[in-house]
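S.K.: Once you've had a glance at the structure underneath, I'll fire off some questions.
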Amino acid sequence: MKRRVWLTLGAVVLGGGGVTYAVASPSSDSGATGRAKRPVKVYALALKGTAADRQDLARTDTSQFSMLGVSWTGATTRLHGTAQVRTRSTATGEWSAWRDLELNVDPLEKPGRRVRGASEPLWVGSSDGVQVQVVRKNGSTTALPKGLEVNLVDPGVVTDAEAEAPGSEPAAFVAEGSPDATSSSTPADPASPGDGTAVTPTDGQTATSPAPTDTTTSTAAPTDSSSASASASASPSASASPTGPTAPPSTRPQPPIVDRAGWGADESISPQAPEYNADVKAVFVHHTDGANDYSCTDSPSIVRSIYAYHVQVEGWKDIGYNFLVDKCGTIFEGRKGGVDLPVLGAHTYGWNRESAGIAVLGDYTTTSASNAALASIARLAAWKLGQYGADPAGTTQLTAGATQKNYFSTGFTAGSAYTFQRISGHRDGYNTQCPGNTLYPQLPTIRAWAAGPVQGLKITSLGGATASGSTYYTKGAITAHWTATTPGSLIKSFQLLVDGKTVATASGTATSVGATLPLGSHTIAVRAVHQSGKTATSSALTVVAETTAPTFTTTPRLSLRSGTVNTSAVPVTLGWKATDDKALQSVKLLSPTTATFSPTTTSSSRTATSGTATTWSMRAYDYAGNYRTSSPAYTPAILQESSATKTGSWTTRSSTSYLGGKSYSSGSKGAGLTWTFTGRSAAWVVSRASTSGQAYVYVDGTKAATVDLKSATTLYRQAIWTKSWSSSAKHTIKVVVVGTSGRPTVTTDGLVYIK
C-alpha cells in the first residue's frame, strides 16, 4: 500500500533526539474482548549524519518491537534514495540481513502540517535491536529530508498467553549515545495537537495541526478520504451510522471477518467519524510489504502495528485499508465504519472514492500468495461487489481523482473516466509495484474464483467401480470423488448427476458423494454450483451396473509338463478359461498358492505335491466386482519302473539321483515296459545322457511318439514325454527300446500321472 489521506497527530520530542508517540491506554478491564492487555506503543529514534547524503543509526539496543519504518518531516517531501534496516531477533539474538524499506509511496492530498512522510512499515517479528542507514540516490541533487527517524512499533499483547509471557511490559527504547527515550504516560489527544491551527483534510474532516515544518501542500483535487466508525461487527448488519448509508444486501455470502475488537484496535487513537462512498464499483488488491515468514498467530499483532504506524507515525485518521488478509486466509476489518458499508478508505491514490482496498499481509514481489489468501480475497471481493450487483470478473468505469500515470505508464487525467477490472491491482491505478510481481499475475485467478463458475472440476475416481478402457463397471453402489481448483469456500454445493438427473447433493467443501445405480448403462457427472449461482459440470463417465458373475468355460485343471520330477513335487501346467458377459477383469489363484492373472491368460506353469490330493481354487472377477470360484482337487501319483510289466531284458540301477533310488536300463531292441492307470494326464520320467538312445511310446495300443533321450549333459528324473486328456479314464502307456545304433540304451525312472 502507498500513501493517501492524512490526519495530524501529536508527538512528544524527548531530550537527546528520541521521540515517543503517545498511545492511549486501553480499558482497565484486562478481560475486555479484543482489548490489549499491553497497549501498542510507538517509539522514534533520530537518525544522524550528513543531511545531504546519508544518515544512520548504529546498532542500538532497544526493548521489544516487531514493526518499524523510517519517517521524515514533510508529508509531500520525497525521499530519493535507499533506506535499509537490520534488526536483532529476541528469539535467537542474531542480527538479520539488511532489508530495504519501500519508499515509493503514493503522493498525499492536502495533508495536515504535522503529517510526516514515511516508508512502508516492515514487520520483523519480536526484536530488541536495530540498525538503520538512509542514503541519497546516486546522482540525485535532492538532499535527504529533514527530521529523519526510525519508528519502532511494539504491537502489545491481546491474548491471555501473550499477557502472561515474560517481559510483557515494555521499557523505553534507548538510542545509542543519547539520553533515555521514555514513553509518555499521558495519552496525547490526536484531535488536539497543540497550536489550534485549523486544517481541512481532503476527506472533508476538520482537524488541528501546528505550524508547518518543512512541509509542502499538494494541489491535487481532493478525491481520496479516510473514514471510520467507532465499531464494526464481523456479522453483516443492515444498520448504518446516523449519517452513513444503509448496507445493501449482497448476492454473495459474507465471509468470516475478524472485527476491530477481535484484533485489538485501540479506538481512542482514531476517534474521527467515518466517511462513506456512494457504492463500491471496484476492489484494489495490495500487499503490505514486510516478511512472509510470520506466524498466522501473529497476524492480529501485525494489523495492530500497521494501524499504529498509519495513525501514530504517519498521522492518518485510521488504518488505510478497508480489509486485510493474512497468508492463512483470515480476513481482518481495516478502516472502521462497518464492514458491510462503503467506507471511504485510503489505499489507492486517485481512486478511493469508488472502491475498497484489500491488503495481503506480506511481500509478494517474488513469492506467490497462498491459495488460502487468494480464496479469502475472492470471497471478500465477491461479497462486497455483490452488494452493488457487480460481476467480479467484469469491468467498470472509475473517475480519476488525480492526474497521474500508473505502473504501466497509462496516463489518467483528473475528472475523466477510465475502464478498470472490478478486481484490480494497486499498480493498475498508481505507479507502484504493489501488489507485487507474483501476486499481480494471480489476480485473474481471484477474479475467476470470485465470479464463477467453478474452475477445474473433474471426477478423479469412482469408488465401487472399476474402469476397463473408458467404461466403468459396478455392482450398483458407487462413490464419486472429484477435485476443483476453485476453493470450496466459494462453492455453494455439488450435485451428482446420473443420466443428467440429480441423485445426490453435497456441500461446497465436499469432495465425494455416493449413490446406488440401477442395472444398466449410465452416464455419471458432477455439477458444481458456485456461490454466484453459476454452474459447471464435469466430463461425463460411462458406468455399467451389472450383477452377473463370470463363468469358467474351462474348469481349472492340471496337466503334467516336461521338467524335473521329485518324489515330493512334479511339474504341472494349470489351465483354465473364464469369460464374462460384460468385461472379465482378472483370474486369481487362491490355493494352494496365490497368483493373479490377466483376463486373457489361460495357463500357468506350477509344481504339485505328489501323492497328496490338493485343491486348486481359482476365482474369476469382472470389472463390476462380481466373481465366481471353482475349486477342483487333483492328486499327482508316481508309478515306479518296478510297477511296470516288463518284456525283454532290463537291468536295475541304483543311485540317489533316481526316483526312489533305482531305475531300469535296457539296450535291447524291442524291450518294453507297460503301465496301466486311471487318470487325466501322464508323463514318462527318464534319465538322459549323451549315450542315451530312442524309444517308442504307445498310448492305449497306438504308437504316439518316438522319443530321443540324448542330451549333451547328464540329466536325471526328467519328464520327457507327456500326454493329457479332457477327463479322467483308464489308460495304458508302453515304452519300447528302439535300439539306436551306437547309443541303444534307454534308462527309465517311472511314470507320473494325475488322478
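S.K.: Of the options Asn277, Ile331, Ser301, report the single residue whose Cα projects farthest towards the positive end of the charge dipole of the range 271-336 (beta-carbon charges: Lys, Arg +1; Asp, Glu -1).
M.R.: Checking the options against the dipole of the range 271-336, the answer is Asn277.
S.K.: Another question, if that's okay. What is the distance in Å between the Cα centres of the range 547-623 and the range 480-542?
M.R.: Value for the Cα centre distance between the two parts: 42 Å.
S.K.: In square angstrom, rounded to the nearest 10, how much accessible surface does Arg447 have for a 1.4 Å probe?
M.R.: Looks like 40 Å² after rounding.
S.K.: Taking all protein chains in place and a 1.4 Å probe, what share, in percent, of the accessible surface of the range 329-397 do carbon and sulfur account for?
M.R.: 44
S.K.: When the accessible area of the range 450-539 is computed with all protein chains present and a 1.4 Å probe, what percentage of it is carbon and sulfur?
M.R.: 49
S.K.: I'd like to check one number: the per residue accessible area of the range 264-324, probe 1.4 Å, reported in Å² as a whole number.
M.R.: With all protein chains present, the range 264-324 gives 21 Å² per residue.
S.K.: How far, in nm, would the chain grow between Thr615 and Asp293 when pulled straight, counting 0.36 nm per residue and subtracting the alpha carbon separation?
M.R.: 109.4 nm
S.K.: Run the 1.4 Å probe and let me know the accessible area of Glu275, rounded to the nearest 10 Å².
M.R.: 40
S.K.: If you don't mind, another one. Quick check for you: with a 1.4 Å probe and neighbouring chains kept, what is the accessible area per residue of the range 93-158, in Å²?
M.R.: I get 35 Å² per residue for this part.
S.K.: On to the next question. Please give, to one decimal in nm, the separation of the simple spin-label points placed at Lys710 and Thr678, each 7 Å out from Cα toward the Cβ.
M.R.: Between Lys710 and Thr678, the label points sit 4.2 nm apart.
S.K.: Next question, about the same structure. Roughly how many percent of the accessible protein surface of the range 241-312 is carbon and sulfur, given a 1.4 Å probe and a whole-percent answer?
M.R.: Using a 1.4 Å probe with all protein chains present, the range 241-312 comes out at 59 percent carbon and sulfur.
S.K.: Further question: Can you compute the modelled spin-label distance between Ser461 and Ser268, with each label point 7 Å from Cα toward Cβ, in nm?
M.R.: A separation of 5.9 nm, rounded to one decimal place.
S.K.: For Ser562 and His481, what is the calculated FRET efficiency with R₀ set at 56 Å and r taken between the beta-carbons, to the nearest 0.05?
M.R.: 0.65
S.K.: With a 10 Å radius around each residue's Cβ, average the other Cβ atoms per peptide and rank 509-515, 521-527, highest first.
M.R.: Top of the packing list down: 521-527, 509-515.
S.K.: Still on this model: Accessible area per residue of the range 702-755 at 1.4 Å probe, in Å²?
M.R.: 46
S.K.: Give me the distance in nm between label points sitting 7 Å out from Cα along the Cα-to-Cβ direction at Lys662 and Thr596, one decimal.
M.R.: 5.0
S.K.: For the range 675-720, what class follows from the C-alpha gyration tensor (a ≥ b ≥ c being the square roots of its eigenvalues): rounded when a/c is under 1.5, otherwise prolate if a/b is larger than b/c, else oblate?
M.R.: Since a/c reaches 1.5 but b/c is at least a/b, the shape of the range 675-720 is classed as oblate.
The values are calculated or read from the model by the stated rules, or taken from the named source; none is laboratory data. What you are looking at is a predicted structure, and each value in this text was computed from that prediction instead of being measured. Note: ideal-geometry Cβ built from the backbone for every residue, glycine included; neighbour counts use all protein chains shown. Calculation scope for accessible area: heavy atoms of the full protein, side chains included, ligands and nucleic acids excluded. Shrake-Rupley method; radii C 1.70, N 1.55, O 1.52, S 1.80 Å.
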